[in-house]
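What follows is a single structure, written as structure tokens, with notes after it.
The values are calculated or read from the model by the stated rules, or taken from the named source; none is laboratory data. These numbers were taken from a predicted model, which means no experiment stands behind them. Note that each Cβ is placed from the backbone with ideal geometry, even for glycine, and that neighbours are counted across all protein chains shown.
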Amino acid sequence: MLPLDPNDPIDKLLAEVQAESVPPPKPPATPSPTPPESRSGQASLDQLLGQIQGTPQPIASPSGRSPTPPTPDPLPPLTPPRDPGLDELLGSLKTTYQQQEAAAERDRQQALAAERQRQREQEAAERAAFAQQAQDWLSKLDPLSADGLWFNQFAERYPSRLEAAIDFLRASALNSPEGQP
């Protein structure tokens with residue numbers, strides 16, 4: 001039998017089902033009190049106390065010695081009896097649940113990977129479009145004009161003029177109302 005995990009919903013369900021399958025303990029039978037007829041002294045008090053507590057007390061012997069107290073019966077264990085069929089069924093349900101959770105997690109991971117791949121492809125397509133626009137823009141840019149001189153200074157921080165033009169066109173597209181530079 002596997003150890004129970006208190007945080008696992010299947011183990012909690014198992015504990016609940018097992019608790020419900022155990023019959024409630026019977027209260028101890030208390031004898032009905034009998035009216036004292038000819039009792040006297042300590043012996044009658046011990047017997048009355050025993051009747052109230054549910055454990056009969058023997059009457060003291062005439063010699064005056066007190067009797068030895070009776071030893072209490074050992075209590076039955078508090079653990080419910082285990083039903084192997086129920087344990088097997090609950091174990092099977094737990095295994096099925098864990099397999100379904102694992103499959104669902106695999107599906108979520110595959111969906112995330114597919115979404116990341118789609119985003120990478122979309123970004124590559126956008127970059128290719130901006131690269132083409134940047135090539136066209138660079139071919140029309142006069143390097144000796146004010147815009148050309150400014151762009152040359154701007155492009156000094158980039159590995160290539162094309163990379164600088166792509167970033168410039170992207171920033172322009174984000175700031176223009178139509179989305180175009």
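Scanning the stretch 130-163 for residues that are within 54 Å of the chain's Cα centre (by Cα) and surrounded by 12 or more Cβ atoms within 10 Å (Cβ to Cβ) turns up PHE130, ALA131, GLN133, ALA134, PHE154, ALA155, TYR158, ARG161, LEU162, GLU163.
In the set GLU123, GLU163, GLU105, only one residue is in a helix (DSSP H, G or I) and either within 30 Å of ASP8 (Cα to Cα) or at pLDDT 95 or above (or both); that residue is GLU105. Every listed requirement among (1) surrounded by 11 or more Cβ atoms within 10 Å (Cβ to Cβ); (2) at pLDDT 90 or above; (3) within 47 Å of the chain's Cα centre (by Cα) is met by GLN117 save one, (1).
Looking at the structure I just gave you, is ALA134 more than 30 Å from ASP8 (Cα to Cα) and part of a helix (DSSP H, G or I)? Yes, satisfied.
Among the residues of the stretch 120-156, those that are touching a Lys or Arg at 6+ places or on another chain (Cβ under 7 Å) and in contact (Cβ under 8 Å) with a residue 12 or more places away in the chain comprise PHE130, LEU138.
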